[in-house]
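**Q** Quick one: the structure is below, questions incoming.
The values are calculated or read from the model by the stated rules, or taken from the named source; none is laboratory data. Every value quoted in this text rests on a predicted model; they were computed, and no experiment measured them. All Cβ positions, even for glycine, are placed from backbone atoms using ideal geometry, and neighbour counts span all protein chains on display. The accessibility values were calculated without ligands, DNA or RNA, using every heavy atom of the protein model including side chains. Shrake-Rupley method; radii C 1.70, N 1.55, O 1.52, S 1.80 Å.
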Amino acid sequence: GHADVVAGMIVTKDEKVYKKLRPVMVGLGCCMDPNQAFLVRRGLKTLPLRVKQSQESAWRIAQFLESHDKIAWIRYPGLSSHPQHELCKKMMKGPGNMMSFGLRGGIQDGKKFLDSLKVCVLAVSLGGVETLIQHPASMTHAKLSPEARLAGGVSDDLVRLSVGIEDVDEIIADLSQALEKI
C-alpha cells in the first residue's frame, strides 16, 4: 500500500502440500523481520481508507477518459461499458483502482503522453498510494517486436493506470494536459 514492503503468505489445508512448502519457505528465509511486520501492520491500518479513496477517484478518472476524444478505448469494470460490469457489481464491493486504456495514435504518442505527465508517476509497479502509469510498448515490452507484443496482448496504444489517493481533480488535470500534447 505504501510501496515500501513486499509480503505475502501461503495457506493450505492440505498437509501434503504444507510438508512440501515448509522446507522451501525455511530455505528461502520466508520470515518477516520485525521492521517488515511493522510496515505491513501500518499498511493494514489504513487499507480501507486507501481503497475507498482510490476507487472513488478511479471511477471519476475512468469517466473522464471514456469521454475524451483522444482515448480509443477503456477497460474499467466500474463503467457500464465494460463487458463484465454486471459481474463486477455482483462479485465485488467496488471496481478497484486499476484500469487500462488505449491512446489514439502510435507508440510515439504514448511516449509523448507519458513524458508530459507531472503528477502521475511513471512506473512499472502498480498499486501504491501514488497514481502510477505505464506504457508497456515503450517500457516493459519495448524490446519485443510489435508482433510479439500483440501476441501477448500488448498493443502500441495500451496504457495502464493504477490510481492512488491524491486529489482526483489534480490527476484529471494532469491527464488532460498530457492528452492535449498528443
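**Q** Across the range 29-56, what is the number of residues that are over 30 Å from Gly96 (Cβ atoms) and assigned to a helix (DSSP H, G or I)?
**A** Number of matching residues: 1.
**Q** Select, from Gly110, Gly105, the only residue that is farther than 28 Å from Gly43 by Cβ, surrounded by fewer than 18 Cβ atoms within 10 Å (Cβ to Cβ) and in contact with an Asp or Glu (Cβ under 8 Å, 6 or more places away or on another chain).
**A** Sole residue among the options that is farther than 28 Å from Gly43 by Cβ, surrounded by fewer than 18 Cβ atoms within 10 Å (Cβ to Cβ) and in contact with an Asp or Glu (Cβ under 8 Å, 6 or more places away or on another chain): Gly105.
**Q** Read through the list (1) touching a strand residue (DSSP E or B) at 6+ places or on another chain (Cβ under 7 Å); (2) over 12 Å from Ser100 (Cα atoms); (3) among the aliphatic types (A, V, I, L, M); (4) surrounded by 15 or more Cβ atoms within 10 Å (Cβ to Cβ), then give the number of the only condition that Leu122 fails.
**A** Only one criterion in (1) touching a strand residue (DSSP E or B) at 6+ places or on another chain (Cβ under 7 Å); (2) over 12 Å from Ser100 (Cα atoms); (3) among the aliphatic types (A, V, I, L, M); (4) surrounded by 15 or more Cβ atoms within 10 Å (Cβ to Cβ) is unmet by Leu122, namely (4).
**Q** Looking only at residues in the range 85-96 that are open to solvent by less than 30 Å² (accessible area, probe 1.4 Å) and within 30 Å of Val40 (Cα to Cα), which one is nearest to the chain's Cα centre (by Cα)?
**A** Once the filter is applied, the top-ranked residue is Gly96.
**Q** Between a first residue in the range 55-84 that is within 23 Å of Glu170 (Cβ to Cβ) and open to solvent by 70 Å² or more (accessible area, probe 1.4 Å) and a second residue that is part of a helix (DSSP H, G or I) and not hydrophobic (A, V, I, L, M, F, W, C), which pairs have beta carbons less than 9 Å apart while being 6 or more apart in sequence or on different chains?
**A** From residues that are within 23 Å of Glu170 (Cβ to Cβ) and open to solvent by 70 Å² or more (accessible area, probe 1.4 Å), the pairs are Arg60/Asp169.
**Q** Cβ-Cβ below 7 Å, separation at least six or inter-chain, first residue in the range 129-153 and closer than 30 Å to Gly43 by Cα, second in a helix (DSSP H, G or I) and open to solvent by less than 50 Å² (accessible area, probe 1.4 Å): which pairs?
**A** Val129/Arg50; Thr131/Ile171; Ile133/Leu114; His135/Gly110; His135/Leu114
**Q** Which numbered condition trips up Lys13, out of (1) outside any helix (DSSP H, G or I); (2) surrounded by 10 or more Cβ atoms within 10 Å (Cβ to Cβ)?
**A** (2)
**Q** Do we find a residue being open to solvent by 50 Å² or more (accessible area, probe 1.4 Å), touching a helix residue (DSSP H, G or I) at 6+ places or on another chain (Cβ under 6 Å) and aliphatic (A, V, I, L, M) anywhere in the range 132-153?
**A** No: zero hits.
**Q** Restricting to the range 140-156, what's the tally of residues that are farther than 19 Å from Ala72 by Cα and among the β-branched types (Val, Ile, Thr)?
**A** Filtering the range 140-156 for residues farther than 19 Å from Ala72 by Cα gives 140-145, 147-148, 151-152.
Those left that are additionally among the β-branched types (Val, Ile, Thr): 140.
Selection size over the range 140-156: 1.
**Q** Further question on the same structure: Of the residues Leu161, Leu175, Leu126, Leu87, only one is within 19 Å of Gln55 (Cβ to Cβ) and part of a strand (DSSP E or B); which?
**A** After applying the criteria, what remains is Leu161.
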